[in-house]
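Okay, structure first, notes after.
The values are calculated or read from the model by the stated rules, or taken from the named source; none is laboratory data. These numbers were taken from a predicted model, which means no experiment stands behind them. Note that we place each Cβ from the backbone using ideal geometry, even for glycine, and neighbour counts take in every protein chain shown. When the accessible area is computed, the model is the full protein with side chains, heavy atoms only, and any ligands, DNA or RNA have been set aside. Shrake-Rupley method; radii C 1.70, N 1.55, O 1.52, S 1.80 Å.
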Amino acid sequence: MMNNLFSVFDPSTTIMNFSLNWISTILGIMFIPISFWFIPSRFHILWNKMTLTLNNEFNTLLGSNKHQGSTFLFISLLSIIMFNNFLGLFPYIFTSTSHLTLTLSLALPLWLSFMLFGWINHMQHMFAHLVPQGTPSVLMPFMVVIETISNIIRPGTLAVRLMANMIAGHLLMTLLGNTGPSLSYYLISLLLITQIALLVLESAVALIQSYVFAVLSTLYSSEVI
């Protein structure tokens, strides 16, 4: 029996007070088939096509002032989050992306590095971002305050968005699953269909949220160049 509905997200497997659940963050490496490392292979070609598509899209978002190879940072970020999101859908695998500890650890260093780079190298450009073009003189002080606040909360919104989306689907599936023993056979069949539909939906959410996190990080970086 669970004492709390949120206990499914608690890191509980420990050895000498060290939580082993967080090892699931790098567990995706074990799922890579051996044939992937042989060139050419179907897995390698498929992954190359995906990374090239993402590279072209991130290059478009970054614009003409981008630094060479910067897109690989965001492709790697998308891959890490996507692997963890999908692994969390399997039974008895800890979903690390459902915790602010991981999501904020990804978002905060990225945002801080963008801000430091922008304010050190492009200070005038950063000040110009605080007042959107065409803002009336009377509203300029208010716009500076609003833009500053919206800029400061960016890492929090990135982290909370990913965490909340991962928790919401898992909680719903857990809540529906716990009602199974008390249902009739007819209702259990409906419950199974609902759970399968939710699992398909969560698979789509796992992919979409990793893509959203990477795209928003790319857009934030393009503003400081």
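Considering only segment 138-149, state which residues are over 16 Å from residue 220 (Cα atoms) and either surrounded by 10 or more Cβ atoms within 10 Å (Cβ to Cβ) or touching a residue at least 24 places away in the same chain (Cβ under 8 Å) (or both).
Residues of segment 138-149 over 16 Å from residue 220 (Cα atoms): 138-146.
Within segment 138-149, 139, 140, 141, 142, 143, 144, 145, 146 qualify.
The set of residues from segment 173-189 being part of a helix (DSSP H, G or I) and either open to solvent by less than 80 Å² (accessible area, probe 1.4 Å) or polar (S, T, N, Q) (or both) comprises 173, 174, 176, 177, 178, 180, 182, 187, 188, 189.
A single entry from 41, 70, 35 fulfils the requirement of being more than 25 Å from residue 95 (Cα to Cα), in contact with a Ser or Thr (Cβ under 6 Å, 6 or more places away or on another chain), surrounded by 14 or more Cβ atoms within 10 Å (Cβ to Cβ) and not hydrophobic (A, V, I, L, M, F, W, C): 41.
Within segment 124-137, the set of residues being assigned to a helix (DSSP H, G or I) and open to solvent by 50 Å² or more (accessible area, probe 1.4 Å) comprises 124, 125, 127, 128, 129, 137. Taken together, the residues in segment 40-59 that are at pLDDT 85 or above and among the hydroxyl-bearing types (Ser, Thr, Tyr) amount to 2. Would you say residue 160 is assigned to a loop (DSSP other than H, G, I, E, B) and either among the β-branched types (Val, Ile, Thr) or open to solvent by 80 Å² or more (accessible area, probe 1.4 Å) (or both)? In short, no. For residue 155, the test of being of a type outside the set (Lys, Arg), within 22 Å of the chain's Cα centre (by Cα), surrounded by fewer than 13 Cβ atoms within 10 Å (Cβ to Cβ) and within 18 Å of residue 223 (Cβ to Cβ) is failed.
Picking from residues in segment 87-108 that are within 14 Å of the chain's Cα centre (by Cα), open to solvent by 60 Å² or more (accessible area, probe 1.4 Å) and not β-branched (Val, Ile, Thr), the one that is nearest to residue 70 (Cα to Cα) is 108. When segment 47-66 is filtered for residues that are over 22 Å from the mean Cα position of the chain (by Cα) and surrounded by 11 or more Cβ atoms within 10 Å (Cβ to Cβ), only 66 remains. Screening the candidates 96, 150, 137 for the property of being among the small types (Gly, Ala, Ser) and within 30 Å of residue 49 (Cα to Cα) yields one hit, 96. When segment 203-222 is filtered for residues that are more than 17 Å from residue 79 (Cα to Cα) and open to solvent by less than 60 Å² (accessible area, probe 1.4 Å), the ones remaining, listed by number, are 220, 221, 222.
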